1. For the peptides 162-170, 100-108, 38-46, what is the packing order when you average, over each peptide's residues, the other Cβ atoms within 10 Å and list the highest mean first?
2. If you average the sequence gap of Cα pairs under 8 Å that are 6 or more apart and divide by the length of segment 56-141, what percent do you get for the contact order?
3. Would you mind calculating the gained length between residue 135 and residue 80 on full extension (0.36 nm times residue separation, minus the Cα-Cα distance), in nm to one decimal?
4. How far, in nm, would the chain grow between residue 57 and residue 99 when pulled straight, counting 0.36 nm per residue and subtracting the alpha carbon separation?
5. Efficiency by 1/(1 + (r/R0)^6): what FRET value for residue 41 and residue 127, r their Cβ-Cβ distance, R0 = 41 Å, to the nearest 0.05?
6. Using only the Cα atoms, what convex hull volume per residue in Å³ does segment 47-98 have?
7. Distance cut-off 22 Å, Cα to Cα: go down the list 110/185; 93/170; 131/170; 110/131 and report the pairs above it.
Amino acid sequence: MARTEGNETIIEPDASIATYHSDSRDAYNVKVPRGGRVIQTLEELEQVRRECRKMVTRRAGLSAGAAIIPIPGLDIGTDVSLLMTLLPAINEKFGLTPRQIDALHPNRKKYTMIAISGIGSRVIGSTITRKIVSLLLKRVGFKITAKTALRYVPIVGQAAAAGLSFSAMKVLGNAHIEDCYRVIKEVLAKL
């Protein structure tokens, strides 16, 4: 059950969840910033994963479109811009922004932080900066370098650059989704 108080939404698990845990029902009340979510079930987790994959595919399409245009730096600038909005959006859908994590019940927050550190992600639960995005782009550095060179070759090169751009964005986005998925799945297993 959820109720709104000021700018926050209070999510309370139903009685069956509360009685399953040894703590009292009030111990699992979670304050979530408006628009955020706390995933309570594996079904919800799967739904969020599907939504995020669709979002990644749309952004990868935009990246591919920018790769076709032979203007120096446009493709890399577009990728950085897309990732700086995509990664926080994925974090938010999974309830893993810094603000959402801070609002969690202390036990859930502890399990979440342990799961994040276990995965070793620098993106989950942190503010996304250009430096972080640059490090991520270095992971797919070959594809980025190849697409930059290919896009100056008329037609075939531009198509290849678009394909590489699309696949690089999908790889980065889907890897982040899987990291977030693993964190939440691990947290749910401990609750």
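Nothing in this text is a laboratory measurement; each read-out follows from the coordinates by a stated rule. Given the structure is predicted, the values throughout are model-derived calculations rather than measurements. Note that we place each Cβ from the backbone using ideal geometry, even for glycine, and neighbour counts take in every protein chain shown.
1. On the way: 162-170: 22.3, 100-108: 17.0, 38-46: 15.2.
Highest to lowest by the protection proxy: 162-170, 100-108, 38-46.
2. Value for segment 56-141: 28 percent.
3. The span from residue 135 to residue 80 would gain 18.7 nm if fully extended.
4. 12.5 nm
5. 0.90
6. About 47 Å³ per residue, rounded to a whole number.
7. Exceeds cut-off: 110/131.
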